[in-house]
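The values are calculated or read from the model by the stated rules, or taken from the named source; none is laboratory data. These numbers come from a predicted model, not from an experiment. Every residue, glycine as well, gets a Cβ built from its backbone with ideal geometry; the counts of neighbours run over all protein chains shown. The area values use the complete protein model at the heavy-atom level, side chains included, leaving out ligands, DNA and RNA. Shrake-Rupley method; radii C 1.70, N 1.55, O 1.52, S 1.80 Å.
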Amino acid sequence: MSKILEIDNLSYRKNNKTILNHINLKLDSGKIIGLLGENGSGKTTLMRLIAGVNASNEKTISVNGMTQKSKIKSQVSLSDSLNGFHRSDRISDIVRFYRNAYADFSNDKYAEIAEYLGLDATKRLSSLSTGTLGKLVIALTLSRETNLYLLDEPLSGIDSMSRKKIISSILRWKTEDSTIIISDHYVTEIASLLDDIVIIKDQTVYEVDSVENIQMKYHLGIEEYYEKVYEGGLAR
């Protein structure tokens, strides 16, 4: 199985504060991977570094064998909070922006996902509920034809019914070869999706393991295992 992501000794500082320290990580393609860690552990920063949004040293990060940032950006679809758009913008305006900004944006795929999630193109951002906004973010992110999808807190603040719809859409539109990394506080809800987990603790990658191995070795659910790791109740 090929490696979709390889990170070699990545460290990142901001405002003289170390956010991530000596990150080493290799992930296989075709999987759904949970990126777990406490608030402020560096999960969002790591995703932004992978996607090339935050600056990192050249060749520290490799996506699908590519190390140049310009090429990496064409391999990665990172979820966006859409804060850069005007509140008066309609969904159709945002879709048009994505279509023009990303050559790999699939109109057909977006139309399918939008219909499934019940998105109305005429609605303005200002009128969207938190759940509908979350659905729009997922639809836009998954409509790019890339190899690696990074979903940063896709269920945060979203009602139960919307969470279920978003989770089902992730499963429905993931291709066999693509890889999805999900960071979320709703560990129990995303646990059924996951093949592997990556735990960020103490500014670095503390643990990488398969869900199957964790369940066989510790006889624990993913959320319980994750909590015990953070409580110091499990030795590596």
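Observations
- Qualifying residue in segment 102-116 (condition: closer than 25 Å to A191 by Cβ and part of a helix (DSSP H, G or I)): yes
- Against the list (1) acidic (D, E); (2) at pLDDT 90 or above; (3) surrounded by fewer than 16 Cβ atoms within 10 Å (Cβ to Cβ), the condition E231 fails is (2).
- For segment 33-61, residues that are within 13 Å of D152 (Cα to Cα) and either in contact with a His (Cβ under 7 Å, 6 or more places away or on another chain) or among the β-branched types (V, I, T) (or both) total 4.
- Selection status of I166, outside any helix (DSSP H, G or I), at pLDDT below 95 and within 20 Å of L193 (Cα to Cα): no
- Of everything in segment 118-147 that is closer than 18 Å to I190 by Cα and touching a residue at least 40 places away in the same chain (Cβ under 8 Å), the residue that is surrounded by the fewest Cβ atoms within 10 Å (Cβ to Cβ) is V137.
- Candidate set from segment 150-206 (those that are hydroxyl-bearing (S, T, Y) and either in contact with a Pro (Cβ under 6 Å, 6 or more places away or on another chain) or surrounded by 22 or more Cβ atoms within 10 Å (Cβ to Cβ) (or both)); member that is farthest from K3 (Cα to Cα): S183
- On the stretch given as segment 185-236, residues that are of a type outside the set (D, E), under 18 Å from the mean Cα position of the chain (by Cα), in a loop (DSSP other than H, G, I, E, B) and farther than 20 Å from S41 by Cβ total 2.
- Segment 29-43, residues that are at pLDDT 95 or above and open to solvent by 30 Å² or more (accessible area, probe 1.4 Å): K31
- Strands (runs of 3 or more DSSP E) lying entirely in segment 1-77 (those with 3 or more residues that are touching a Cys at 6+ places or on another chain (Cβ under 7 Å) and not aromatic (F, W, Y)): none
- Residue check for E6: open to solvent by 30 Å² or more (accessible area, probe 1.4 Å) and within 19 Å of the chain's Cα centre (by Cα): yes
- Per the conditions (1) at positive phi; (2) in contact (Cβ under 8 Å) with a residue 24 or more places away in the chain, the sole criterion not satisfied by S62 is (1).
- Segment 82-128 - residue that is polar (S, T, N, Q) and under 21 Å from the mean Cα position of the chain (by Cα) and, of those, modelled with the highest pLDDT: S106
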